[in-house]
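See below for the structure under consideration.
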Protein chains: 2
Amino acid sequence: MLHRLFPVFEWGRGYDREAFTNDLVAAIVVTIMLIPQGMAYAMLAGLPPEAGLYGAMVPLLIYALLGTSRPLAVGPVAVVALMTAAAAGDVAGPGSQGYHLAALVLAFLSGAMLLALGVLRLGFLANFLSHPVISGFITAAGILIAGSQLRHLTGIEVSGKTLPELLHTLMQDIDGLHWPTLLLSALVLAFLFWSRKGLAPLLMRAGLSHKAAGLISKGALLVAVAGSTLAVALLDLAAAGVPIVGEIPRGMPALSLPLSDWPMMQALMVPALMIAIVGYVESMSIAQTLAARRRQRVDANRELVALGAANLGAATTSAMPVTGGLSRSIVNFDAGARTPAAGAMTAFGVGLSLLLFTPLLHFLPNATLAAIIIVAVAGLLDFGTLPRTWRYSRADGTAMAATIAVTLLMGVEPGLMAGVGLSLMLHLYRTSRPHVAIVGQVPGTEHFRNIERHAVVTAPDTVSIRIDESLYFPNARFLEDCVMGQVAGKPELRNVVLMFPAVNDVDASALESLEGINRMLAEAGVTLHLSEVKGPVMDRLRRSHFLQELTGDVFLTQHDAMRALAPDLTADTSRAQRRETLRAEPAAAQTTASSR
Amino acid sequence: MLHRLFPVFEWGRGYDREAFTNDLVAAIVVTIMLIPQGMAYAMLAGLPPEAGLYGAMVPLLIYALLGTSRPLAVGPVAVVALMTAAAAGDVAGPGSQGYHLAALVLAFLSGAMLLALGVLRLGFLANFLSHPVISGFITAAGILIAGSQLRHLTGIEVSGKTLPELLHTLMQDIDGLHWPTLLLSALVLAFLFWSRKGLAPLLMRAGLSHKAAGLISKGALLVAVAGSTLAVALLDLAAAGVPIVGEIPRGMPALSLPLSDWPMMQALMVPALMIAIVGYVESMSIAQTLAARRRQRVDANRELVALGAANLGAATTSAMPVTGGLSRSIVNFDAGARTPAAGAMTAFGVGLSLLLFTPLLHFLPNATLAAIIIVAVAGLLDFGTLPRTWRYSRADGTAMAATIAVTLLMGVEPGLMAGVGLSLMLHLYRTSRPHVAIVGQVPGTEHFRNIERHAVVTAPDTVSIRIDESLYFPNARFLEDCVMGQVAGKPELRNVVLMFPAVNDVDASALESLEGINRMLAEAGVTLHLSEVKGPVMDRLRRSHFLQELTGDVFLTQHDAMRALAPDLTADTSRAQRRETLRAEPAAAQTTASSR
């Protein structure tokens, strides 16, 4: 029982010194990344830096207890931070007390929603988000994030939730450019981008192993933080107008329960749902990718519970919404994290820093945090996917382009809604018109094929329709339309045979359509038959009155059906074979068959 | 060109005296029904009676020009009238000037939406409404309609939008019972219910033909109207407190363009969409049923345009939202209406009555109109469908029960939303987990079957997975999960074969999943193969880089795949055949295969 609730009882049993060492190394590397990233994402969300650090403590401990992904590194992430800023900015002024409360309400609501979805086993709802939509959304969000950081990088008062707003404010305050800030940003950015590619090879040439070099190069963040902090402190750049982080409260977060403001909770319902779903989808895709490498599995519903509980933990410790982060998870994995204990150790490391090191971060310039964000989101931007998706599928490409455009022009929430709405519409459109073929007999065989593609013979008073999809409400009306369309204007028709070899399910809507078709055909003097109905579908149909009402028969095979309905056609296979020359004239084939 | 826009040019050409006679008879019968019904549904919508009569004029003329269904009788209908009352009551007080404006705004907006959907060919969006949901909604709406008419039938001040409200107000004012009104209602109701069954046989015994008796029995409405009006006038029941229709403005409606109140238009957007979709779905199902009887066809997108234009016509002539009505359409059809000209003649008949006969309706009691509504909605109530649907499919039964419950307890709009939301969720749930089978070879054959159902052999280092559905975003994640789940904890695995015989489409999300699976398997040292990929799917995959990246091969048949990947297994069919006794122990079959 406890095993099922807390995976810690599974991996905890075999925990040994080797696993501990691996986890510790990973935890140290991730902590070094997480402290500046946490502060940076808090800044991105418009929150004080400590909110990001708090988000790197209790949520990690909770995820370590409940999560099913071993290497997933939970904490503040860029896209969710941007969504938090967009939603909180709608209900409270930036920097106000209500603003941080709004962030906590978002964490609380999205946590509660994730938890509820997990307990009710509704994880499949995340399928509303198609890959192209989420990918387009992330790219567009990345652009908005980068744009929002221009303020910290340059001193120009750039602000807004959409690309036009960002550009407009940039133009308006172009004179606000602060050269010392820009210079500092440029140096930090150049160093960070170089370190991503250039540092590890340098360290390897210095004699370090490939793995060690890779891990130590992650310390570049620490170097950037320490270097720029020292520079600001020694050169007194704060006095020259370079904005700095300033005082971070020392010690543990205050406990909070953000349930006081009911109107605010109502207003944040929809944004919280979006944060929950985007966070979950992102986190799951990271977790699945990493789990696969070690042939492990991630349980979707338990992940929902774990992420939900982690966010409730964030909401009650003055933090911000959290989820699994891509870059830190990969580092955690590469550093050899074997178990979620690495996450717990990371939380411990962050807590220790909060107790001891926050005074050292006083002179840390905001520009460095902005540079860290820029480097992180540079990895999110993916401009190649759009043309590739468009080439592959017009529908998916359209959904993706619309998501990007609406997100950039109207903001993250309308963008996500437009994307989800469009993909649902496209899905409905696709499933509403399944592939259907009018079939005829391949002469001399028991095979029936599409009359449009093969040289086949058909009987003039019988039409056979093969449906290549399960029948359910999105295509129930299409089915009626399709069958009745075959009958319209054909007074000679006496039999309709529906072939069901690909029908895995017939839901109540489709059953009603079948009953309607049967009734309508009867009124028009046409008999309805079925053929090749699968066992489970037959079982289900027996639970209704349809089979009693059916005017015709249910045939085991289409060949049986045609033998009963058009014996002339199927009996004389030798003569039929001679008709193979008719490939070019299917209409002629029909006439020939009818003349007999 | 004109033919495509105006079906009138199609049927108008062959129009002759016989068609005219048929249409005229039908028009007279429908007019006799439509005048009292129009006034009754206007009362149901909370509007003055003339709004219903106006709704029976211009909209009918417009539909006659544009509609593709010949017998469809457009005009005010009960369910749409109830939805109009619910929506208008939210933005204006009943009886106020804003209230009628709201009804016109609803007609305008739903008309514009239908028109837009038709022009953009988005009729498939109506598929969002599954049969069980619409059927449950209509039944629940029927109950609410009947409840709302208690006021006119009894004099008790019953009001409200939900069943609890109706019952509560009924209990509160139970002493308001007005005996003369109740007595009148009971007589009219008894007569109308009797006339539905008993009148036609009586007329036939009097020597009339079956058809004539059926048509003339529709005159029962007229008899009820005339009889009760006379009774009220002669017995001076109005003075005794029996509410009457009173003065109806004589002559043609005033033109209106309900675009002045922008906030009201915004508030009515969602209700208008619901009215549009419910009206369209109801109308289409009637039109399709009747068209099928004469082997005619209805064009969904042109119907959208015609109904949309009819509603715009209603909005601009002080009427109310309209759609195709079931009972009048059937009467129209049975009376022999051959062309939409019957509808135009009906409009003319209603117009004539407005010019000449409205003074005669002064003493018409509201109770008679309420009785007409009750008789009409009695045909809508369908309590047998719920248990039947539940027996057939738990999912559909749940959606239907939820729609009924929410509609009764919370009103029409929440009910419809709950139903649509639930059916979408259920659909997504269903399509998110397609049927998937792990297959093995039937010994001695080239057939591959589900290992759980058949005695088959498999190779220990190869797993073959057959997917029985197209791959698109709702099941893309499931696919990953399913494949990676087969790999998890099987260190001996070297090959995964995905069998695609039932895959008709692979969308961009599913492609990304396949790429992800390929990558993840490669990292785990497993090769991915495909088999039995259909031509169109293969064409599409060629437009991506997937086939280049694929670590394994694409085999034409599963047999080819197994011959290449597990030659031991397929070569020795004689030995394999001997294993047929292993049916009871599929695990043993696997072991045997692996031991060779």
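The values are calculated or read from the model by the stated rules, or taken from the named source; none is laboratory data. Bear in mind the structure is a predicted one, so any value in this text is a computation, not a measurement. Neighbour counts are summed over all protein chains in view; Cβ atoms, including those assigned to glycine, are modelled from backbone coordinates with ideal geometry. Just so you know, the surface numbers come from the protein's heavy atoms only, side chains and all, with ligands and any DNA or RNA stripped out. Shrake-Rupley method; radii C 1.70, N 1.55, O 1.52, S 1.80 Å.
Assorted remarks:
- Burial of accessible area (probe 1.4 Å, heavy atoms of protein chains only) in segment A:102-149, relative to its chain alone, reaches at least 40 Å² for A:Phe124, A:Asn127, A:Phe128, A:His131.
- Segment B:1-105: relative contact order as a whole-number percent, Cα under 8 Å and 6+ apart: 25 percent
- Alpha-carbon gyration tensor eigenvalues x 5, square-rooted, for segment B:315-392, Å: 31, 20, 13
- Globularity index of segment B:477-549, i.e. its alpha-carbon radius of gyration over 2.2 N^0.38 Å: 1.08
- Hydrophobic, long helices, defined as DSSP H runs whose alpha-carbon span along the helix axis is 15 Å or greater and whose mean Kyte-Doolittle value is at least 1.6, occur in chain B at B:78-91, B:97-119, B:179-194, B:220-235, B:341-356, B:366-378.
- For segment B:378-489, the alpha carbon positions stretch 63, 27, 22 Å along the principal axes, listed from largest to smallest.
- Inter-copy label distances at A:Pro263, using a point 7 Å along Cα-to-Cβ, come to 1.6 nm with the shortest given first.
- Summing both sides, the accessible surface hidden between A and B at a 1.4 Å probe radius is close to 6600 Å².
- Accessible carbon and sulfur surface of chain B relative to its total accessible area, %, 1.4 Å: 63 percent
- Helical mean residue ellipticity (222 nm; -39500 (n - 2.57) per DSSP H run of 4+; nearest 500) of chain B: -19000 deg cm²/dmol
- Of all beta bridges that DSSP places with both ends in chain A, some 45 percent have antiparallel geometry.
- One chain, two ends: B:Arg449 and B:Leu381. Fully extended at 0.36 nm per residue, the span grows by 19.8 nm beyond their Cα-Cα distance.
- With DNA, RNA and ligands ignored, accessible area of B:His168 (1.4 Å probe; Å², nearest 10): 110 Å²
- For the protein assembly as shown, alpha-carbon Rg relative to the globular expectation (2.2 N^0.38 Å, N residues): 1.09
- Segment B:200-339 - percent relative contact order, Cα under 8 Å, separation 6 or more: 25 percent
- Heavy-atom accessible area per residue - segment B:195-261, 1.4 Å, Å²: 59 Å²
- Loop-located trypsin sites (Lys or Arg not before Pro) in segment B:420-485, at most 13 other Cβ atoms within 10 Å (DSSP): B:Arg453
- Percentage, to the nearest whole number, of Cα pairs in chain A over 42 Å apart: 40 percent
- B from A by rotation - nearest chain A beta carbon to the axis, in Å: A:Ala502, 3
- Each label point was placed 7 Å from the Cα along the Cα-to-Cβ direction; for A:Asp539 and B:Asp468 their separation is 1.0 nm.
- Global geometry of segment A:324-455, whether rounded, prolate or oblate, following the gyration tensor of its Cα atoms and the 1.5 cut on a/c: prolate
- For segment A:1-64: Kirkwood Rh in Å [reciprocal of mean 1/r, alpha carbons]: 13.6 Å
- Over segment A:42-83, volume per residue of the alpha carbon convex hull, in Å³: 67 Å³
- Cα centroid of segment A:60-98 to Cα centroid of segment A:204-233, whole Å: 27 Å
- C-alpha center-to-center spacing [segment B:119-156, segment B:348-388] in angstrom: 17 Å
- At an R0 of 45 angstrom, the distance between the Cβ atoms of A:Ser209 and B:Arg563 translates into a FRET efficiency of 0.50.
- Chain A, relative contact order [Cα under 8 Å, separation at least 6], %: 21 percent
- The GluC sites (Glu not before Pro) found in segment A:419-524 that occupy coil by DSSP, while having at most 14 further C-beta atoms within 10 Å, are A:Glu446, A:Glu452, A:Glu492.
- Backbone geometry of segment A:446-454 corresponds, through the Karplus equation with coefficients 6.51, -1.76 and 1.60 at θ = phi - 60°, to 3J(HN,Hα) couplings of 9, 8, 10, 9, 3, 5, 7, 10, 10 Hz, x marking Gly and Pro.
- Inter-copy spacing of A:Arg391 label points, which lie 7 Å from Cα along Cα→Cβ, given in nm from shortest upward: 5.6
- Local electrostatic count, A:Leu82, Cβ distance below 15 Å [Lys/Arg +1, Asp/Glu -1]: -2
- Net charge of Cβ neighbours under 14 Å - reference B:Ile156; Lys, Arg +1; Asp, Glu -1: -3
- Separation of alpha-carbon centers, segment A:239-298 and segment A:410-436, rounded to whole Å: 27 Å
- For the protein assembly as shown, share of DSSP beta bridges that run antiparallel, in % to the nearest 5: 45 percent
- The other copies place their A:Pro164 label points at 4.5 nm from this one, listed shortest first, where each point is 7 Å from Cα along Cα→Cβ.
- Chymotrypsin sites (Phe, Trp or Tyr not before Pro) restricted to DSSP loop in segment B:352-411 with at most 13 other C-beta within 10 Å: B:Phe357, B:Phe383
- Cα gyration tensor, segment B:75-142 - rounded (a/c under 1.5), prolate or oblate: oblate
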